[in-house]
Structure formats: structure tokens, C-alpha cells
Amino acid sequence: MNRVPLVSAAAVGAPRVLLYLVEHRFHQTPDGRVWTVGQYPYGFFKRYLASFDEVRVLSRVIRSNTPPERAIASAGPGVVHVPLPDYQGLAGVLTRAPVAVLRAVCAACSVDAVVVRSPSTWGFLPALTARARGSAVGVEVIGDPATLFARNAFIHPLRPVIRALAIGLQSNLCRHARAVLYVSESLHCRYKTAGVSVVVSDAGLGEAAYALKSRALAPSHEIRIINVGTFEQIYKGQDVLLRAVARLAARPNSARVSVAFVGSGKHQAACVALAAKLNLTQQAKFYGQISSGEAIRELLDASDVMVHASYTEGMPRVIIEAMARGLPCISTRVGGVPELLDDNWLVPAGDEVAMGKAILDLMSSPDEYARQSHLNLERSRLHSEDAMQIGYNKFLKSLSDHRR
């Protein structure tokens with residue numbers, strides 16, 4: 001397949017240095033190398049080097065003696081990391097605020113353009129600094145704080161205040177940005193911009209991500225479910241899925257049900273305890289964090305259905321990756337998910353009864369199972385690397401054409 005080339009720096013006279021702000025926790029070893037688990041490997045940032053000579057990644061960095069298990073390199077030629085202090089929760093944000101504010105503002109003073117991956121805790125600071133200097137500001141909108149900080153997705157006494165503030169900041173970022181890239185049409189409709197707008201998934205799946213053919217429902221006495229998502233906050237809804245599985249397991253003469261959870265975070269222990277309370281210790285397996293690639297594809301191929309129980313999403317890459325393996329998917333009706341899946345296989349967030357019924361209905365219909373497998377494999381092609389690059393060409397060109 002012919003690749004669509006990204007816009008070259010020489011062709012458009014792009015700015016020299018890009019500051020890229022992302023909410024992610026990286027690890028740095030004593031040799032200076034920076035590592036990531038799950039998201040944002042070096043290959044992710046290389047796309048920006050076609051329009052910028054250097055990418056500086058502003059993010060939280062943890063000092064580690066050795067790389068974490070399953071870690072892959074994030075820094076490399078042309079890509080360096082500017083560390084923000086590590087923090088967790090609102091208390092951590094407030095404690096580390098003076099250092100984080102200083103570093104964020106200073107980092108934006110020595111670059112030619114800033115891209116904020118939003119929602120973002122500190123993104124408005126370098127964006128304001130860049131605008132004051134006349135530099136280009138771009139925003140990549142990957143989620144909606146309106147649902148991210150909704151009642152069932154985020155627990156904190158100041159939740160309404162945090163939610164209103166986050167919505168206001170993201171709205172302001174988009175409104176004044178030179179260019180905004182949205183990962184779903186629903187985000188595009190909610191957070192308008194006066195600049196250039198691009199709607200494109202950032203999944204960017206390569207050929208290795210795609211199964212050679214769709215699936216048929218094989219005769220089996222087991223329903224093998226997979227769920228992929230962080231346990232850092234409760235909004236991924238793994239507890240809802242566990243309760244749905246418990247309902248299915250309790251049905252008389254029902255097929256054995258198992259669920260594989262991929263992801264890690266502070267709420268994982270609570271879900272392990274819930275699985276034990278629901279008598280699902282044997283049926284629920286927790287794999288921890290696994291990087292995208294062959295390892296996650298092996299788990300997807302060994303599963304019968306992807307079930308996504310989240311209360312909030314932008315355009316979930318995990319569902320697109322599952323679709324590319326020809327895996328039928330069931331999800332909550334949130335964010336950009338309705339742009340991916342048929343309405344029959346969308347359920348209300350937090351509804352374990354509807355979720356359990358959807359799983360049972362799908363796994364009881366070989367014809368519908370095969371149909372969903374075929375449709376998902378076809379639709380996932382819209383989120384290929386080539387399709388993504390076309391959108392990023394327009395986004396990056398809008399930033400690199402800007403001159404102070």
C-alpha cells in the first residue's frame with residue numbers, strides 16, 4: 001500500500017521547534033533514555049518531525065533505575081522530553097503547581113509552535129504564552145471533560161468546579177487555536193474553533209494491526225470477553241462489566257464466561273476485590289498494562305468479544321484495534337463510539353443489565369456475530385495510518401504555515 005507522505009519541513013518552511021504537551025506519565029532511566037508503557041512511543045512523535053526540526057514533549061516524568069516491564073522507547077533523534085514533576089490527584093496538582101507552572105511557561109518561551117493534547121491539566125499555560133509571543137497554537141482534542149468529570153465518572157468534592165473549569169479551558173483552547181484536530185465528530189460539534197478544523201482518528205493502524213479475514217462464531221462452551229482501559233480513574237467502568245459478567249455466570253445452564261482486563265492503575269485492586277466478592281476469581285484475569293502491538297493482538301485474537309464499559313470517551317483506540325482484528329464489539333453509548341459501532345450494540349453507561357443482555361444476544365446469534373466481525377474489519381480501515389496521515393497533513397500545514 002502506498003503511504004501518503006507527511007508535509008515536508010523544507011516544502012512549507014516549517015517552524016523549527018514544536019512543544020507538545022501531553023497528559024501521560026513517562027519513565028527516565030539514569031542513562032537519560034525515556035520510556036513509555038502503552039502509549040506515545042517514539043514512532044508517535046516522529047510524525048511531527050516531518051514539519052518541525054525538533055519536538056519537545058512536555059509531560060510528567062518519573063525517574064526509574066530500570067525501564068518498566070513492557071516499556072518501549074519514547075525519545076529518539078529529534079524528540080526530547082521536558083519533564084514536569086510527577087503528581088497524582090488534585091492534591092498532587094496543587095502541591096506541584098509552582099514548579100509545573102514555571103516549567104510549562106518557560107518551555108513555551110523558546111519554541112516556534114505549541115500543540116496541546118487535550119483535556120490537559122497545564123495546557124492553557126504554554127498556549128497562552130505562545131499566543132502572547134505570536135507563535136502558532138494547535139490543539140488535539142481527544143476527550144470531553146464534560147463526561148470525563150461527570151458524576152459517575154469522577155469522584156471528588158470539588159467535581160462540579162473541576163468539571164466547569166476543564167470545560168471552559170478546553171473551549172478557550174479550541175476557540176483561539178490556529179488549528180484543531182478532533183478525533184471524533186462529536187468533539188468537533190461541542191468544541192468549536194475559529195481556526196482550521198480537522199476531524200480524524202489518531203489511531204493510525206499499520207498493516208500488521210489488521211486480521212486477514214473476519215470471524216465466525218465457533219461452537220464453544222465459553223464466552224471470552226476482553227476489556228482494555230486504565231484503572232487510574234473509575235470512568236472506564238470495569239466494575240460495571242464485572243457485575244454484568246456475574247449476572248451471566250449466575251444463569252442456570254449458561255456457558256462459562258471469562259473476562260480479561262488489560263490496564264493498570266490505582267483502582268485495579270478494588271476491581272480485583274470486587275471480582276472476588278462476585279465469585280469471579282477464576283473467571284476474571286487481570287493482565288496489567290500491555291503495550292499496543294503483537295502482545296495485545298494475541299489477546300484480542302484469543303477473545304470472542306470486546307466489551308467497553310466506559311462512562312466517557314473521545315475516539316477509543318482500543319475499540320478500533322479490536323475492530324481491526326475482526327472482533328465484534330459492545331460498548332457504552334459515549335463520545336465518538338456511535339461513529340464506530342451499530343446502535344444495536346451500544347448500551348447506556350453504568351447499566352450492567354443492558355450490557356449483559358447485549359453480550360448474550362450477540363453470542364447467541366452466529367449470523368449477527370459474523371456480520372459484526374465483517375463490518376468492524378471494514379470500518380477499521382477508515383482509521384488506518386494512511387487515513388490518519390491525510391488529516392495530520394492538513395493540521396500540521398496549518399501550524400507550519402503560520403509566521404510570527
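Can you give me the number of residues within the range 24-44 that are assigned to a loop (DSSP other than H, G, I, E, B) and in contact with a Ser or Thr (Cβ under 9 Å, 6 or more places away or on another chain)?
Keep residues of the range 24-44 that are assigned to a loop (DSSP other than H, G, I, E, B), which gives 29-33, 37-41.
Adding the requirement that they be in contact with a Ser or Thr (Cβ under 9 Å, 6 or more places away or on another chain) leaves 29-30, 33, 37-41.
Residues in the range 24-44 being assigned to a loop (DSSP other than H, G, I, E, B) and in contact with a Ser or Thr (Cβ under 9 Å, 6 or more places away or on another chain): 8 in total.
Is one or more of the residues making up the range 230-237 crowded, with 17+ Cβ neighbours inside 10 Å and more than 30 Å from residue 156 (Cβ to Cβ)? Step through it out loud before you land on a result.
So the first thing to find is which residues in the range 230-237 are crowded, with 17+ Cβ neighbours inside 10 Å, and the list is 230-231, 233-237.
Now drop any that are not more than 30 Å from residue 156 (Cβ to Cβ), which leaves none.
There is no residue in the range 230-237 that is crowded, with 17+ Cβ neighbours inside 10 Å and more than 30 Å from residue 156 (Cβ to Cβ).
Evaluate the range 387-395: report whether one residue or more is in the same structural domain as residue 142 (by TED's automatic domain parsing), touching a residue at least 12 places away in the same chain (Cβ under 8 Å), assigned to a helix (DSSP H, G or I) and among the charged types (D, E, K, R).
yes
Which of the residues belonging to the range 302-357 are among the aromatic types (Phe, Trp, Tyr) and surrounded by 24 or more Cβ atoms within 10 Å (Cβ to Cβ)? Lay out the reasoning, then the answer.
Start the filter on the range 302-357 by keeping residues that are among the aromatic types (Phe, Trp, Tyr), which leaves 311, 345.
Within the range 302-357, no residue meets the criteria.
Go through the range 85-102 and give me each residue that's of a type in the set (S, T, N, Q) and under 24 Å from residue 33 (Cα atoms).
Going through the range 85-102, the residues of a type in the set (S, T, N, Q) turn out to be 88, 95.
The answer is 88, and nothing else.
Select from the range 337-377 the residues that are touching a Gly at 6+ places or on another chain (Cβ under 6 Å) and among the small types (Gly, Ala, Ser) and list them in ascending order. Walk me through it before giving the result.
Filtering the range 337-377 for residues touching a Gly at 6+ places or on another chain (Cβ under 6 Å) gives 373, 377.
If the condition is that a residue be touching a Gly at 6+ places or on another chain (Cβ under 6 Å) and among the small types (Gly, Ala, Ser), then 373 is the only one that fits.
So, in the range 378-400, of the ones that are among the acidic types (Asp, Glu) and out of contact with any Gly (no Cβ under 8 Å at 6 or more places or on another chain), which residue ends up modelled with the lowest pLDDT? So that I can check it myself, show each step before the final result.
Initially, the range 378-400 is screened for residues among the acidic types (Asp, Glu), giving 378, 385-386.
If we keep only those that are out of contact with any Gly (no Cβ under 8 Å at 6 or more places or on another chain) as well, we get 378, 386.
Numbers: 378: 96, 386: 85.
Ranking the qualifying residues of the range 378-400, first place goes to 386.
Restricting attention to strands (runs of 3 or more DSSP E) lying wholly within the range 193-312, give those where 3 or more residues are more than 30 Å from residue 394 (Cα to Cα).
Numbers: elements: 196-199, 222-228, 256-262, 284-288, 305-308.
So the answer is 222-228, 256-262, 284-288, 305-308.
Quick one: residue 286 ticks every box in (1) surrounded by fewer than 22 Cβ atoms within 10 Å (Cβ to Cβ); (2) touching a residue at least 60 places away in the same chain (Cβ under 8 Å); (3) among the hydrophobic types (A, V, I, L, M, F, W, C) except a single one, so which number is it?
For residue 286, the failing item is (2).
I'm checking my understanding of the structure. Among residues of the range 388-403 that are of a type outside the set (S, T, N, Q) and within 18 Å of the chain's Cα centre (by Cα), which one is surrounded by the most Cβ atoms within 10 Å (Cβ to Cβ)? So that I can check it myself, show each step before the final result.
First, pick out the residues of the range 388-403 that are of a type outside the set (S, T, N, Q): 388, 390-392, 394-397, 399, 401-403.
Narrowing further to those that are within 18 Å of the chain's Cα centre (by Cα): 388, 391-392.
Working: 388: 21, 391: 19, 392: 23.
By that ranking, first place goes to 392.
Among the residues that make up the range 75-89, is at least one of them in contact (Cβ under 8 Å) with a residue 60 or more places away in the chain, under 23 Å from the mean Cα position of the chain (by Cα) and closer than 30 Å to residue 394 by Cβ?
Start the filter on the range 75-89 by keeping residues that are in contact (Cβ under 8 Å) with a residue 60 or more places away in the chain, which leaves 82, 86, 88.
Applying the additional criterion that residues be under 23 Å from the mean Cα position of the chain (by Cα) yields 82, 86, 88.
Remaining after also requiring closer than 30 Å to residue 394 by Cβ: 82.
Scanning the range 75-89, I find at least one residue that is in contact (Cβ under 8 Å) with a residue 60 or more places away in the chain, under 23 Å from the mean Cα position of the chain (by Cα) and closer than 30 Å to residue 394 by Cβ, so the answer is yes.
Which residue is nearest to residue 313 (Cα to Cα), if the candidates are limited to the range 193-215 and must be among the charged types (D, E, K, R) and surrounded by 13 or more Cβ atoms within 10 Å (Cβ to Cβ)?
In the first step, residues of the range 193-215 are kept if they are among the charged types (D, E, K, R); the result is 202, 207, 213, 215.
Pick out the ones that are also surrounded by 13 or more Cβ atoms within 10 Å (Cβ to Cβ) and you get 202, 215.
Values: 202: 14, 215: 27 Å.
Result: 202.
Quick check: is even one residue across the range 78-89 among the charged types (D, E, K, R), more than 30 Å from residue 197 (Cα to Cα) and in contact with a Ser or Thr (Cβ under 6 Å, 6 or more places away or on another chain)? Before you say what the answer is, go through the steps one by one.
Start the filter on the range 78-89 by keeping residues that are among the charged types (D, E, K, R), which leaves 86.
If we keep only those that are more than 30 Å from residue 197 (Cα to Cα) as well, we get 86.
Remaining after also requiring in contact with a Ser or Thr (Cβ under 6 Å, 6 or more places away or on another chain): none.
No, the range 78-89 contains no residue that is among the charged types (D, E, K, R), more than 30 Å from residue 197 (Cα to Cα) and in contact with a Ser or Thr (Cβ under 6 Å, 6 or more places away or on another chain).
Assigned to a loop (DSSP other than H, G, I, E, B), among the small types (Gly, Ala, Ser) and not assigned by TED's automatic domain parsing to the domain that holds residue 130 - does that describe any residue in the range 331-348? Spell out how you get there, then give the answer.
Our first condition is that a residue be assigned to a loop (DSSP other than H, G, I, E, B); within the range 331-348, this holds for 333-336, 340-342, 348.
Those still in the list that are among the small types (Gly, Ala, Ser) too: 335-336.
Retained after the next criterion (residues that are not assigned by TED's automatic domain parsing to the domain that holds residue 130): 335-336.
Within the range 331-348, one or more residues are assigned to a loop (DSSP other than H, G, I, E, B), among the small types (Gly, Ala, Ser) and not assigned by TED's automatic domain parsing to the domain that holds residue 130.
Identify, from the list 82, 111, 57, 105, the residue that is within 17 Å of residue 37 (Cβ to Cβ) and surrounded by 13 or more Cβ atoms within 10 Å (Cβ to Cβ).
Working: 82 fails: within 17 Å of residue 37 (Cβ to Cβ); 111 fails: within 17 Å of residue 37 (Cβ to Cβ); 105 fails: within 17 Å of residue 37 (Cβ to Cβ).
57 is the lone residue from the list that is within 17 Å of residue 37 (Cβ to Cβ) and surrounded by 13 or more Cβ atoms within 10 Å (Cβ to Cβ).
Where residues in the range 268-279 are touching a residue at least 24 places away in the same chain (Cβ under 8 Å) and surrounded by fewer than 19 Cβ atoms within 10 Å (Cβ to Cβ), which of them is farthest from the chain's Cα centre (by Cα)? Lay out the reasoning, then the answer.
Our first condition is that a residue be touching a residue at least 24 places away in the same chain (Cβ under 8 Å); within the range 268-279, this holds for 268, 270-271, 274-275, 278-279.
Applying the additional criterion that residues be surrounded by fewer than 19 Cβ atoms within 10 Å (Cβ to Cβ) yields 268, 270, 274, 278-279.
On the way: 268: 18, 270: 22, 274: 25, 278: 29, 279: 31 Å.
That would be 279.
Does the range 170-192 contain any residue that is modelled with pLDDT of 95 or more, over 23 Å from residue 47 (Cα atoms), surrounded by 19 or more Cβ atoms within 10 Å (Cβ to Cβ) and not charged (D, E, K, R)?
So far as the range 170-192 goes, yes, one or more of its residues are modelled with pLDDT of 95 or more, over 23 Å from residue 47 (Cα atoms), surrounded by 19 or more Cβ atoms within 10 Å (Cβ to Cβ) and not charged (D, E, K, R).
Under 6 Å between Cβ atoms, which residue pairs at least 6 apart in sequence (or on different chains) link something in the range 194-220 that is more than 17 Å from residue 41 (Cβ to Cβ) and outside the structural domain of residue 323 (by TED's automatic domain parsing) with a partner that is at pLDDT below 95 and surrounded by fewer than 18 Cβ atoms within 10 Å (Cβ to Cβ)?
Hits for this filter: 198/394; 199/185.
Please state which one of 254, 292 is surrounded by 18 or more Cβ atoms within 10 Å (Cβ to Cβ) and over 24 Å from residue 149 (Cβ atoms). Steps first, answer last, please.
Numbers: 254 fails: surrounded by 18 or more Cβ atoms within 10 Å (Cβ to Cβ).
It is 292.
The values are calculated or read from the model by the stated rules, or taken from the named source; none is laboratory data. Given the structure is predicted, the values throughout are model-derived calculations rather than measurements. Neighbour counts run over all protein chains shown; Cβ positions are idealised from the backbone, glycine included.
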